[in-house]
Amino acid sequence: MQPTPLSPLSSTLSSPLSAHPAPRALALAGPTASGKTAAALALAAHWQTRGGVEIISVDSALVFRGMDIGTAKPTAAELAAVPHHLIDIRDPLHAYSAAEFVRDAERLITEIRARGRLPLLVGGTMLYFKALYEGLSDMPPADPAVRKALQAALAQEGLTALYQQLQKVDPVTAARLAPADTQRILRALEVWQLTGQPISSFQTRDADAPVRSDIALISLEPSDRTWLHTRIAQRFDQMLEHGLVNEVQALRARGDLQADLPAMRCVGYRQVWEALDNLAPMADLRDKGIFATRQLAKRQITWLRSMPHRHGVAADAADAVPQVLQLAEQLKLG
């Protein structure tokens, strides 16, 4: 069966370019394999005569050191060509939160502007973008006792039972999460047990509440799902050829990393880890990795479509990069 095409991008995706004061920063978002890196480097070259840009990574996997192949981390040449931030800042043993990202991004935007350069936020971690544009809800912090009890329930009952429980108490969040997303399922149940309210109630914002307008958002969204699926498969094949399995083996050899850590649950790493644990056949690794990446891209696109302030560009258009450059000019960045 042929994949369903994505809805064509509409000219009403965003508010008029003149509706707000000149933005102080530019963000470039899109699903995995949509061409964000190429567009960002083109923007950096285009802006060179105006002081240049510095890139702030908006990627929850690129923060981790030693995870290069499976995250499609920028090459040494790309990192040397343009200053990059929020890459290789955390050991895989330690998590990095949306709140930390917002704090770090705000600081970097101020510092980059003080150097006379354009802050360019690039990535596909939509939770980070949402937190940056809409603010963070007042959710309760993690509770060690509740989390320990949930981990025990996970070991005794299995993830499927916990996911079914989440479907009962918070169907909105359950519908948004993948049934295998242990980390987020546990967090949603933790919030429910701590507050008696679904985590979705904390994440819901007033539709009429203003979204910050000082960071313009350009969104690369493919109009044809087949195009994106082809690129995803090509990228995962390249990762396997370049040694993704060996990279995960090296991480496992440290001895202090576990499969349930946020770093090890990144798409690609999770599938390799499960294959090395003999939880899934190594022969199925390619198909499982590509499928998981497609699901990630689908969720990313869903998040993007909930951001009416974005300026959309069809990622699969032959002139996608020139369109991004033209949009950046029209935004009259301050």
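The values are calculated or read from the model by the stated rules, or taken from the named source; none is laboratory data. Because the structure is a prediction, the values reported are computed rather than measured. When we count neighbours, we look across all protein chains shown, and the Cβ atoms used for this are built from the backbone with ideal geometry, even at glycine.
Things worth noting here:
- Residue check, Arg310 in contact with a strand residue (DSSP E or B) (Cβ under 6 Å, 6 or more places away or on another chain) and of a type in the set (Lys, Arg): yes
- Single unsatisfied condition, Ala152 versus (1) among the aliphatic types (A, V, I, L, M); (2) touching a Leu at 6+ places or on another chain (Cβ under 8 Å); (3) not assigned by TED's automatic domain parsing to the domain that holds Gly30: (2)
- Filtered residue count, the stretch 70-103, keeping only those that are in a strand (DSSP E or B) and in contact with a Leu (Cβ under 7 Å, 6 or more places away or on another chain): 1
- All positions within the stretch 135-167 that are of a type in the set (S, T, N, Q), assigned to a helix (DSSP H, G or I) and touching a residue at least 12 places away in the same chain (Cβ under 8 Å): Gln151, Thr160, Gln165
- Pair list, Cβ < 7 Å and 6+ apart or interchain, from the stretch 46-58 residues that are among the small types (Gly, Ala, Ser) to residues that are part of a helix (DSSP H, G or I) and crowded, with 20+ Cβ neighbours inside 10 Å: Gly52/Ala44
- Hey, Gly268 within 21 Å of Phe64 (Cα to Cα), over 16 Å from the mean Cα position of the chain (by Cα) and at pLDDT 95 or above or not: no
- The set of residues from the stretch 168-188 being under 20 Å from Tyr96 (Cα atoms) and part of a helix (DSSP H, G or I) comprises Thr182, Gln183, Arg184, Ile185, Leu186, Arg187, Ala188.
- Leu127 vs. criteria buried (at least 18 other Cβ atoms within 10 Å of the Cβ) and either assigned by TED's automatic domain parsing to the domain that holds Val58 or under 24 Å from Gln295 (Cβ atoms) (or both): no
- Top-ranked residue in the stretch 268-292 [being aromatic (Phe, Trp, Tyr) and within 18 Å of Ala33 (Cβ to Cβ); ranked as surrounded by the most Cβ atoms within 10 Å (Cβ to Cβ)]: Tyr269
- Being free of Cβ contacts under 8 Å to residues at least 24 places away in the same chain, in the same structural domain as Val122 (by TED's automatic domain parsing) and within 22 Å of the chain's Cα centre (by Cα) holds for only one residue in Ala315, Ala259, and it is Ala259.
- If the condition is being in a loop (DSSP other than H, G, I, E, B) and among the charged types (D, E, K, R), then the stretch 292-334 contributes Arg310, Asp316, Asp319, Lys332.
- Neighbours by Cβ (under 9 Å, 6+ apart or cross-chain): first from the stretch 93-114, in the same structural domain as Gly255 (by TED's automatic domain parsing) and surrounded by 16 or more Cβ atoms within 10 Å (Cβ to Cβ); second in a helix (DSSP H, G or I) and aromatic (Phe, Trp, Tyr): Ala98/Tyr128; Phe101/Tyr128; Val102/Tyr128; Ala105/Tyr128
- Qualifying residues in the stretch 298-334 (those that are out of contact with any helix residue (DSSP H, G or I) (no Cβ under 6 Å at 6 or more places or on another chain) and within 24 Å of Met239 (Cα to Cα)) - the one surrounded by the fewest Cβ atoms within 10 Å (Cβ to Cβ): Lys298
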